[in-house]
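Engineer: My questions all concern the structure below.
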Amino acid sequence: MRLRYNALLNEAVRDSDRIVVQPGAVHLLGGRPVMVYDAKYQAAADAGASLSGDHYRMLAYCTSLRVPTAWLVYPGAGEIKLRRILNTDIDVVEFPLDLSRPPSEILASVADLAQQSWGEVVRQATISR
């Protein structure tokens, strides 16, 4: 039996047909997602403004959770980069974490990540008022 596409669109989606996305961490405020984080074991090669699989994943997290910004944490030295997903209002912040540094400096970087991402939550809340 072959179902037509329109017939499929008219069917209610069963729970077994739903795809769940699970980022590394979600910051909730008042029970609502406001920021998403995911850590990777290696940085994607910088191919200009093209999307990597990690960026597509972050886009999926933001879309499904309805949050405007995702933080992609990866090992390595370098600068924080902000990437806007073309034709969306979704930003992906690439946050390098230099694991070759002493533990105290790594913890300071994680604290910086927390402070910067919280600042983004506050900024978004101010904009939406």
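None of the figures in this text is laboratory data; all of them are computed from the coordinates on show. Values in this document were obtained by computation on a predicted structure and should not be read as measured data. Please note: Cβ atoms are built from the backbone with ideal geometry, for glycine as well, and neighbour counts cover all protein chains shown.
Engineer: Enumerate the amide H contacts of residue 71 below 5 Å, restricted to partners 5 or more residues apart or on another chain; note that Pro and chain-start residues carry no placed amide H.
Structural biologist: Hits under the 5 Å cutoff: 36, 37, 38, 93.
Engineer: For the residues 34, 122, 20, 26, what sequence is obtained by ranking on other C-beta atoms within 10 Å, fewest first? Present the calculation step by step, with values, prior to reporting the outcome.
Structural biologist: Numbers: 34 21, 122 11, 20 6, 26 16.
Ascending Cβ contact count within 10 Å gives the list 20, 122, 26, 34.
Engineer: Output ³J(HN,Hα) for region 61-66: one whole-Hz value per residue in order, computed from phi by the Karplus curve 6.51 cos²θ - 1.76 cosθ + 1.60 with θ = phi - 60°, and x for Gly and Pro.
Structural biologist: 4, 5, 5, 6, 9, 6
Engineer: Still on this structure: Only counting other Cβ atoms within 10 Å, I'd like 41, 61, 74, 56 sorted with the fewest neighbours first.
Structural biologist: Lowest count first: 41, 56, 74, 61.
Engineer: Rounded, prolate or oblate: pick one for region 23-127, where a ≥ b ≥ c are the square roots of the eigenvalues of its C-alpha gyration tensor, a/c under 1.5 means rounded, and failing that, prolate if a/b is larger than b/c, else oblate. Don't skip to the end; give the middle numbers.
Structural biologist: Numbers: a/c = 1.86, a/b = 1.18, b/c = 1.57.
Since a/c reaches 1.5 but b/c is at least a/b, the shape of region 23-127 is classed as oblate.
Engineer: If we count other beta carbons within 10 Å of each Cβ, what is the order of 35, 58, fewest first?
Structural biologist: Details: 35 23, 58 28.
Exposure proxy ranking, most exposed first: 35, 58.
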